[in-house]
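The values are calculated or read from the model by the stated rules, or taken from the named source; none is laboratory data. Quantities reported herein were computed from a predicted structural model and do not represent experimental measurements. No Cβ is skipped: glycine too gets one built from the backbone with ideal geometry, and neighbour counts run over all protein chains shown. Heads up: the accessible areas ignore ligands, DNA and RNA and are worked out on the full protein's heavy atoms, side chains in. Shrake-Rupley method; radii C 1.70, N 1.55, O 1.52, S 1.80 Å.
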Amino acid sequence: MNVRIHPSWQAVLQEEFDKDYFAKLTDFVRSEYARTTIYPPARQIFNAFDHCPFDKVRVVIIGQDPYHEQGQANGLCFSVAPGVQMPPSLVNIFKEIQSDLGKPFPENGDLTRWANQGVLLLNATLTVQEHYAASHQNRGWEEFTDAVIRILCEKREHLVFILWGAYAQKKGAFIDSSRHLVLKSAHPSPLSAYHGFFGNHHFSLANDYLIQHGQQPIDW
């Protein structure tokens, strides 16, 4: 399947890779890619980890599912490749950045530039069947990504966790807010953006926290 993950993550996650649930998850994912159309492309399943080594993580944004239509998912939550129409949630994210920081609207929705600066764009579920949202939930991915968050919480300090919407907030409920900054608001989807997402100032708050702890701000 040409799956790859950065060596720094391979080291800290090896215990998870050795567990029975991950072996079952791997078998399921392999069979799904062989059987039907799955997103993202197999080589991009761990894209978030490839672009953001463990010791370089500064901000974690938690999403739910990869996009499930052709050409959208690229292994980074909320992100789409250049040339792909921006989904509504991503448009609203950029609107908030524009309002919060005065930055112009970007030309495309590729968030790789964030990942390369230390923003881990982590979906709770890393694969999905074409046209079927949530089709790979409850197969083991959630246990794996819970472990990712837990290991970051335990082994790193002064990270920023951004939790948009009830799902992300439930997933991040165990994060120690005395060691890390936890930012919560409504989800940027059109259904909820006007009910607490717009005006959350998460991007400036994240940068203020990073600067306070001797780190470079993110160029959002």
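Here's a check for you: in segment 171-204, which residue that is part of a loop (DSSP other than H, G, I, E, B) and of a type in the set (Ser, Thr, Tyr) is surrounded by the fewest Cβ atoms within 10 Å (Cβ to Cβ)? Per the stated criteria, the residue is Ser178.
Within segment 1-22, the residues that satisfy the criterion of being assigned to a loop (DSSP other than H, G, I, E, B) and either among the hydrophobic types (A, V, I, L, M, F, W, C) or touching a Ser or Thr at 6+ places or on another chain (Cβ under 8 Å) (or both) are Met1, Val3, Ile5. In segment 89-124, of all residues being outside any strand (DSSP E or B) and of a type in the set (A, V, I, L, M), the one that is nearest to Ser204 (Cα to Cα) corresponds to Leu101. Can you list residue pairs whose Cβ atoms sit under 8 Å apart, with the first residue in segment 1-20 being at pLDDT below 95 and the second being assigned to a helix (DSSP H, G or I) and basic (Lys, Arg)? Count only pairs 6 or more apart in sequence or on different chains. Filtered contacts from segment 1-20: Met1/Arg30; Met1/Arg43; Asn2/Arg43; Val3/Arg43; Arg4/Arg43.
Contact map, segment 168-194: residues that are free of Cβ contacts under 8 Å to residues at least 40 places away in the same chain and closer than 15 Å to Gly63 by Cα paired with residues that are hydrophobic (A, V, I, L, M, F, W, C) and open to solvent by 40 Å² or more (accessible area, probe 1.4 Å), Cβ distance under 8 Å, separation 6+ or inter-chain. Pairs shown: Leu183/Leu205. Here Asp65 fulfils each of the conditions (1) among the acidic types (Asp, Glu); (2) touching a helix residue (DSSP H, G or I) at 6+ places or on another chain (Cβ under 7 Å); (3) crowded, with 21+ Cβ neighbours inside 10 Å apart from (2).
Is there a residue being open to solvent by 20 Å² or more (accessible area, probe 1.4 Å), touching a helix residue (DSSP H, G or I) at 6+ places or on another chain (Cβ under 6 Å), of a type outside the set (Val, Ile, Thr) and under 30 Å from Thr36 (Cα atoms) anywhere in segment 160-169?
No, every residue in segment 160-169 fails to be open to solvent by 20 Å² or more (accessible area, probe 1.4 Å), touching a helix residue (DSSP H, G or I) at 6+ places or on another chain (Cβ under 6 Å), of a type outside the set (Val, Ile, Thr) and under 30 Å from Thr36 (Cα atoms).
All of (1) open to solvent by 30 Å² or more (accessible area, probe 1.4 Å); (2) under 17 Å from the mean Cα position of the chain (by Cα) hold for Val84 with one exception: (2). When Asp65, Asp55 are checked against the criterion of being not polar (S, T, N, Q) and not in a loop (DSSP other than H, G, I, E, B), Asp55 stands alone in meeting it. Take the conditions (1) buried (at least 18 other Cβ atoms within 10 Å of the Cβ); (2) over 24 Å from Pro88 (Cα atoms); (3) of a type in the set (Val, Ile, Thr); Thr36 misses just one of them, which is (1).
Among the residues of segment 68-81, those identified as at negative phi and either buried (at least 20 other Cβ atoms within 10 Å of the Cβ) or of a type outside the set (A, V, I, L, M, F, W, C) (or both) are His68, Glu69, Gln70, Gln72, Ala73, Asn74, Leu76, Cys77, Ser79, Val80. The residue list Val119, Val80 contains one member that is more than 23 Å from Ala133 (Cα to Cα) and at pLDDT 95 or above, which is Val119.
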